[in-house]
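Below: the structure, in structure tokens.
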Amino acid sequence: MPVSKEYIIKRLLLLVLVVFGVLIITFVITRIIPAHPELLWAGSHPTEEQLEKARRQLHLDKPIYVQLYYYLTDFIKGNWGVSWRTKHPVLKDIATALPATLELVIVAFIMAIIIGVPLGALAALKRETWVDHVVRVVSVLGASVPVFWLALILQLVLSSWLGLLPGAKRVDEYVVIETGFKPITGFILFDSLIQGNFAVFTNALKHIILPAFVLSMYPFGLSARMTRAVMSEVLNEQHTRSALAWGLPKRVVIYKYALKNALAPVIASLGLSFGYTIIGAFMVELVFVWPGLGLYAAMALLSYDYPAVIGCVIVVALIYTVINMIVDIVHSMIDPRVKL
Amino acid sequence: MALEDFKIILSLIKQNPVSLTGLVIVAGFIVVGVLAPYILPYPEDAWGEVYHLEKRFLPPSLEHPFGTDDMGRDVFSRVLLGARFSLIIAVGVVGLALLIGVPMGLIAGYLGGRVGTILMRITDMFLAFPPLLLAIALAATLGRGLVNTIIALAISWWPWYARLVYVQVNSIKSLPYVDAAKIIGLSPLAIMFKHVLPNALTPVTVQAALDMGSAILEAAGLSFLGVGVKPPTPEWGLLVTEGWSSINVAWWISLFPGLAILVTVLGFNLLADALREASDPRLRRILLISGRV
Amino acid sequence: MSYQRLRGVSKTTTIILSIVVVLVVVGAIIYMTRTSKPTEATPTQTPPSSTQPPSPAKTTAASSAPSSPSPTTASTAKKKTIVIYASLSEMTGADPSTEFSNSILWMCLVYEPLLWYDPLKDEFIPALAVKWESNENGTIWTFYLRKGVKFHDGTPLTAEAVKASIERTIALGQGAAFIWDPVEKIEVIDDYTIRFYLKYPAALDKIAASAYGAWIFSPKIVEYAGAKNLTDPKVAEWFNAGHDAGSGPYKLVKWDPENEVVLEKNPDWWGWKLKDYPLASPNAPDVFIVKIVKDAVTQERLLLTGDIHIAQYVPLEDVEKLKNNPNVQVVIKPSFQNLLMLINTKKPPLDNVLVRRAIAHAIPYEDIVKIARAGLARVASGPIPYGMWGHFEDLRYEYNITLAKELLAKAGYPNGIDRTLLLVYTAGDIYEKRTAEVIKASLAKIGIKVEIRPMSWEEQWSLAQSGWENPEAAQDLFIFYWWPTYITPFDFLYNMFHSDSKIFNLCYYENPEFNKLIEEAVTLEASNREKALELYHKAQKILYEDVPAIPLWDSMDIRVAVKGIGNLDKAINPAYPTVIFAQVLDVSGLQQG
């Protein structure tokens, strides 16, 4: 079913509205805190005049709606402000950090699908047997495990005790320096692959396995359960049964009807779980010293670096809403029953 | 929710060993949560009121089944007491969120029109935040503490219930018996509470039970990020985080509270899974749409 | 049920799906084992880029990797020696005039002051100045500059550059600019001589050796930044975009303050050519990387796997174990950071000196050091840390519960205090947390209940600030670190206890006699050290009796490094906290890769 132009325009307008809504809510929330961010700006042992000056520079001496006005006018011009902690433009900081987080999330999603879909399909085919039960418990485990704890424990066991995998960082510096690797997009796996730099590629891959695996727990459980649910529904449907009755090979039936039908909702549900996964990524990043948005946001949040906090929240909300929108549109194109 | 529904669900749970495990875990958690303060082997250790210089970082033993921590305190006692805080958080968050979300959804759904639209737009605005992000921002604003954690999570949570109730009310209010009630002249308030609400509550109750596990999990996440409950409250997430700094010498400090979270949340989720399987397809679809599995 | 009929299908599908799963798992394992071999085996390495011409205003964006200084081919090039130093906190600004925080960690390698100061030997090491002198009462100071020094952009060092640098710092008035407060006028005598006229006597040699705000940089930055003058905000922007204008042994080549900062050896540095210069080693690393690793456990883990070479912090409990590890070395040095508990002297019952003394005697100092720092700290004696001039050994409080109870009874509280005291500490600091918990448990023994509350530093400070206006609303006890900007007892005593210091005197302590003593002492620092010491001792005795704060411990810096890092001990100086002076390291024995 083609998606109407009006619908997309409406969604885009809503998107703009949501971004500004989120911006205003976050702005107000951050300014309620009775902290003194001028301390950040002025340095660790400031004098009274320095604090006074910092307050003026940061407009902290103005009422909140004036501050909001300043921020909004700058924001529209594409100036997201300067981080009060790092004194770096926030947008630039985010641009450096975001690819690392996205790379982690994407690899985690790929892992989740590779492990989750076959397991879910298996469970659907073996309904109500011990296989089904085991898959069910394992997939529910994925949604029940505290990611930061799993990260700590796996890091301790696999990296510290057994030395199987690197337990922190994104890539080893010496490989980068020896090979003169220069990132282009910031997605190290992608960049090194297109440059044919396999030393960096394998090194980065080795580093991403553990954090991505930890992060894949939640989407893995989701994809396994969705696959199981959709496939068992499809397997029960009239046309599947008729197809079998008509003598179509069983393999064809499973792939052509069941698995294919299952994939769209699985990917849709993964898309919807993006928001949850990215927060999971924040915690995983803290444990694995992954130089992504999470590490940046956590530091910004704990030190009341407002421009950085607002920047991070907006970026995450933006990605989240865009993905939700795409999922909705794609979903409606695949599944004619969904009306928009 | 009607009593028969529960009976049916219960019998379904009994048939499935996995669901039964979930039920047992949840029951056990509630019992420990309620009784915790009375069954602690080392009550002073649990409440963080003492330190023992000579007993720091002892590995698990008969005397200290989960070992001791960096202040020489018994980890087992702290984990036991942690169950109580997790229970308070689970009930508090879900309860508070219901308290905000249900009336919102009910009013928006029943009145409809402009008021309904505005209420639902506000709800949507909150839903546009990625789930935990708003809670983190709020928790950071409110400051650390048990009550603040509950408030932060509940505020980021209620829109889910509001939307669920809204959808339910919308479908119920056009049913014949509601029309009948109108004809015999019942006031809108009476209709709302006597006829619409009870029927809309069934899926919400299921969702709420399901969410208790998530509440424990997310509160633990807040603690890990440094915006949750404050030490020395033995909340499980905080216990894991506190053990992090000495994980190379004493892995048990982080391992056991984390396991406690895992097992408890698993219990809730298995049970919720069973409820979802058992309840009607309509409900199942709603749960899937709401994005919470 | 038709579902039953599908049972037959499931067998083949099961097999196929299982194969897929097994393949994935096996593939992953193969990858793991393959990639865990040394990467040297991989032949496809792109040669380091050598096309970049050395431009005076070397612009390096955050994303660019370090460029090779000499145009050589990859196969014949001598491998660059790399040392990676893990820092617990992210880097802050990059403007040498205003930076007053973590960034000194690399600024000490990129920029140079007129003098360095070794506080343990109490002597100066000449840097950009080779000779200096002052008049008798310390109000006129003359510095003679080193000849032949060039900034990284090729500009030669002159007295004009020194004047411009210091004047910019003073004019901006941010960060540590206040250290130059005594300066009235700076005069250029000739290209290599500069004279400072002071408003009042001060130890300008120590000020010139400050870890913050004393850097000298190339005056050409105005040009590079396209700015009108040195105080134009464009200059700060230029710095914070990752540019350096220093003269030091290393150049800043990558500036990614949240993750890593890469420094590369400056082959033209004057120090390499000087014979017997104490701050230079012929085998210094070619590349020095500051890697941000925000947690001590991970730092230790990375060190043991050889992923980093020097760890700034490891969990203190692990230090004993690490000392016995043949692959690592542990260097322990005094640090001038100390931890104190500030008492709200204006809020009852703490306004009663007897109650404060009771608390001082009820704290088990030894236990705190053992629990919080695994014994790796020194029980404090007065607010001036051990190893610094102005520290005295006769200022410790005895841990004595009976005495504490007596004092409390004498103050009118024989059964303890009926109010719960609020103790605040910085969230996330494990040492402060453990200290707070020991204090809570200990004060309970004399009948004082304590609520401990972790807060972010900004929150904590703003709560404490309110105490000047309304002491009742502020905290009761405040766990607080202090470290000096430059090495003088005055820094500690003025900031925390002088009644004019509203920002950090968070005990709200007001004592004119004390104020007068330290004000007099500071002016005598350069001209009459003995007398200054005597006055500082007297001032600390007053604090000991009045107990506005209880010093808890003096920190020790524990740096752990892999065995191949030579001269680590020489590369650490408590006057420049967190800094590793990479130019003195000897990495000839270091295994790379």
Seminar exercise, completed: The residue that is nearest to the other protein chains (Cβ to nearest Cβ), considering only those in segment C:307-323 that are more than 29 Å from C:A284 (Cβ to Cβ) and surrounded by fewer than 18 Cβ atoms within 10 Å (Cβ to Cβ), is C:K321
Problem set entry | Residues that are in contact with a Leu (Cβ under 9 Å, 6 or more places away or on another chain) and closer than 22 Å to C:L304 by Cβ, drawn from segment C:544-567 | C:M556, C:I558, C:R559, C:V560, C:A561, C:V562, C:K563, C:G564, C:I565, C:G566, C:N567
Problem set entry | Among (1) within 30 Å of C:E123 (Cα to Cα); (2) over 21 Å from the mean Cα position of the chain (by Cα); (3) open to solvent by less than 40 Å² (accessible area, probe 1.4 Å), the one test that C:Y365 misses | (1)
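Out of the helices (runs of 4 or more DSSP H) lying entirely within segment C:157-231, which hold 3 or more residues that are open to solvent by 10 Å² or more (accessible area, probe 1.4 Å) and in contact with a helix residue (DSSP H, G or I) (Cβ under 9 Å, 6 or more places away or on another chain)?
Numbers: elements: C:159-172, C:204-208, C:221-225.
Per the criteria, C:159-172, C:221-225.
Going by the structure shown, is C:V355 within 23 Å of the chain's Cα centre (by Cα), among the β-branched types (V, I, T), open to solvent by less than 50 Å² (accessible area, probe 1.4 Å) and at pLDDT 95 or above? Spell out the reasoning first.
Working: within 23 Å of the chain's Cα centre (by Cα): no; among the β-branched types (V, I, T): yes; open to solvent by less than 50 Å² (accessible area, probe 1.4 Å): yes; at pLDDT 95 or above: yes.
No: the conditions fail for C:V355.
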Exercise. So is C:V262 more than 26 Å from C:V560 (Cα to Cα), among the aliphatic types (A, V, I, L, M), in contact (Cβ under 8 Å) with a residue 12 or more places away in the chain and within 14 Å of chain A (Cβ to nearest Cβ) or not?
Worked result: no
Exercise. Of the residues C:I439, C:I446, C:I487, C:I479, which single one is aliphatic (A, V, I, L, M), in contact with an Asp or Glu (Cβ under 7 Å, 6 or more places away or on another chain) and either touching a residue at least 40 places away in the same chain (Cβ under 8 Å) or assigned to a helix (DSSP H, G or I) (or both)?
Worked result: C:I479
Problem set entry | Verdict on C:V290 being more than 14 Å from chain B (Cβ to nearest Cβ) and crowded, with 24+ Cβ neighbours inside 10 Å | yes
For this session: From the list B:T123, B:T117, pick out the single residue that is of a type in the set (V, I, T), more than 21 Å from B:E235 (Cα to Cα) and touching a Pro at 6+ places or on another chain (Cβ under 7 Å).
Result: B:T123
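Just the residues that are part of a strand (DSSP E or B) and crowded, with 19+ Cβ neighbours inside 10 Å, please, taken from segment C:558-593. Spell out how you get there, then give the answer.
Going residue by residue through segment C:558-593, those that are part of a strand (DSSP E or B) are C:558-562, C:566, C:586.
C:I558, C:R559, C:V560, C:A561, C:V562, C:G566, listed by residue number.
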Seminar exercise, completed: Exception for C:E258 within (1) touching a Phe, Trp or Tyr at 6+ places or on another chain (Cβ under 7 Å); (2) at pLDDT below 95; (3) open to solvent by less than 10 Å² (accessible area, probe 1.4 Å) falls at (3)
Exercise. Tell me, which residue of segment C:456-476 that is farther than 30 Å from C:A575 by Cβ and of a type in the set (A, V, I, L, M) is nearest to the chain's Cα centre (by Cα)?
Worked result: C:L463
Seminar exercise, completed: Of the conditions (1) farther than 19 Å from B:I136 by Cα; (2) within 12 Å of chain B (Cβ to nearest Cβ), the single one that A:Y276 does not satisfy is (1)
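Specify which of the listed residues (C:G428, C:G416, C:G390) is in a loop (DSSP other than H, G, I, E, B), within 14 Å of chain A (Cβ to nearest Cβ) and either modelled with pLDDT under 95 or open to solvent by 20 Å² or more (accessible area, probe 1.4 Å) (or both). Step through it out loud before you land on a result.
Numbers: C:G416 fails: within 14 Å of chain A (Cβ to nearest Cβ); C:G390 fails: within 14 Å of chain A (Cβ to nearest Cβ).
Sole residue among the options that is in a loop (DSSP other than H, G, I, E, B), within 14 Å of chain A (Cβ to nearest Cβ) and either modelled with pLDDT under 95 or open to solvent by 20 Å² or more (accessible area, probe 1.4 Å) (or both): C:G428.
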Exercise. Given C:L304, C:L339, which one is surrounded by 20 or more Cβ atoms within 10 Å (Cβ to Cβ), more than 10 Å from every other protein chain (Cβ to nearest Cβ) and of a type outside the set (S, T, Y)?
Worked result: C:L339
Exercise. Are there any pairs with C-beta distances below 8 angstrom linking a residue in segment C:364-389 that is closer than 23 Å to C:K541 by Cβ and in contact (Cβ under 8 Å) with a residue 12 or more places away in the chain to a residue that is basic (K, R) and in a loop (DSSP other than H, G, I, E, B), with the two at least 6 apart or on different chains, and if so which?
Worked result: C:Y365/C:R396; C:V379/C:R396; C:A380/C:R396; C:S381/C:R396
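Which helices (runs of 4 or more DSSP H) does segment A:15-106 wholly contain that include 3 or more residues that are more than 9 Å from chain C (Cβ to nearest Cβ), at pLDDT 80 or above and more than 30 Å from A:A212 (Cα to Cα)? Step through it out loud before you land on a result.
Details: elements: A:38-42, A:48-57, A:64-76.
Correct list: A:64-76.
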For this session: Take C:T402 and decide whether it is surrounded by fewer than 22 Cβ atoms within 10 Å (Cβ to Cβ) and within 14 Å of another protein chain (Cβ to nearest Cβ).
Result: no
Seminar exercise, completed: Residues of segment B:173-200 being farther than 11 Å from B:L106 by Cα and among the β-branched types (V, I, T), in sequence order, are B:V178, B:I183, B:I184, B:I191
Problem set entry | Unique residue being of a type in the set (G, A, S) and open to solvent by 10 Å² or more (accessible area, probe 1.4 Å) when the list is C:G447, C:G467 | C:G447
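Considering only residues that are in contact with a helix residue (DSSP H, G or I) (Cβ under 7 Å, 6 or more places away or on another chain) and under 21 Å from C:K347 (Cα atoms), look in segment C:515-550 and name the one that is surrounded by the fewest Cβ atoms within 10 Å (Cβ to Cβ).
We begin by selecting, within segment C:515-550, every residue in contact with a helix residue (DSSP H, G or I) (Cβ under 7 Å, 6 or more places away or on another chain); these are C:517-518, C:520-522, C:524-525, C:531-532, C:535-536, C:538-539, C:542-543, C:546-550.
With the extra rule that they be under 21 Å from C:K347 (Cα atoms), the set shrinks to C:542-543, C:546-550.
Details: C:I542: 15, C:L543: 22, C:D546: 18, C:V547: 22, C:P548: 25, C:A549: 25, C:I550: 25.
Selected residue: C:I542.
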Problem set entry | Among residues of segment A:126-155, those that are within 9 Å of another protein chain (Cβ to nearest Cβ), open to solvent by 10 Å² or more (accessible area, probe 1.4 Å) and touching a residue at least 12 places away in the same chain (Cβ under 8 Å), counted | 7
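Report yes if some residue within segment C:496-507 is away from chain A (no Cβ under 14 Å), closer than 24 Å to C:D429 by Cβ and open to solvent by less than 20 Å² (accessible area, probe 1.4 Å); otherwise report no.
Looking only at segment C:496-507, we keep the residues that are away from chain A (no Cβ under 14 Å), and these are C:497, C:507.
Pick out the ones that are also closer than 24 Å to C:D429 by Cβ and you get C:497, C:507.
Keeping just the survivors that are open to solvent by less than 20 Å² (accessible area, probe 1.4 Å) gives C:497, C:507.
Yes, segment C:496-507 contains at least one residue that is away from chain A (no Cβ under 14 Å), closer than 24 Å to C:D429 by Cβ and open to solvent by less than 20 Å² (accessible area, probe 1.4 Å).
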For this session: Evaluate the following for C:T73: is it out of contact with any Leu (no Cβ under 9 Å at 6 or more places or on another chain), part of a loop (DSSP other than H, G, I, E, B), at pLDDT below 50 and within 22 Å of C:F217 (Cβ to Cβ)?
Result: no
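Would you check which residues across segment B:157-184 are without any contact (Cβ under 8 Å) to a residue 12 or more places away in the chain and open to solvent by 60 Å² or more (accessible area, probe 1.4 Å) and list them?
Within segment B:157-184, B:S174, B:L175, B:P176, B:D179, B:K182, B:I183, B:I184 meet the criteria.
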For this session: Scan segment A:235-254 for residues that are assigned to a loop (DSSP other than H, G, I, E, B) and surrounded by 11 or more Cβ atoms within 10 Å (Cβ to Cβ) and jot them down.
Result: A:E237, A:L248, A:P249
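Mind checking which residues of segment B:51-96 are hydrophobic (A, V, I, L, M, F, W, C), open to solvent by 50 Å² or more (accessible area, probe 1.4 Å) and either touching an Asp or Glu at 6+ places or on another chain (Cβ under 6 Å) or within 14 Å of chain C (Cβ to nearest Cβ) (or both)?
Looking only at segment B:51-96, we keep the residues that are hydrophobic (A, V, I, L, M, F, W, C), and these are B:53, B:57-58, B:62, B:66, B:71, B:75-76, B:79-81, B:83, B:85, B:87-91, B:93-94, B:96.
Add one more test, that the residue is open to solvent by 50 Å² or more (accessible area, probe 1.4 Å), and what stays is B:58, B:62, B:76, B:88, B:91, B:96.
Across segment B:51-96, the qualifying residue is only B:L58.
The values are calculated or read from the model by the stated rules, or taken from the named source; none is laboratory data. These numbers were taken from a predicted model, which means no experiment stands behind them. Backbone-built Cβ (ideal geometry, glycine too); neighbour counts: all protein chains shown. Keep in mind that these areas ignore ligands, DNA and RNA; they rest on the heavy atoms of the full protein, side chains included. Shrake-Rupley method; radii C 1.70, N 1.55, O 1.52, S 1.80 Å.
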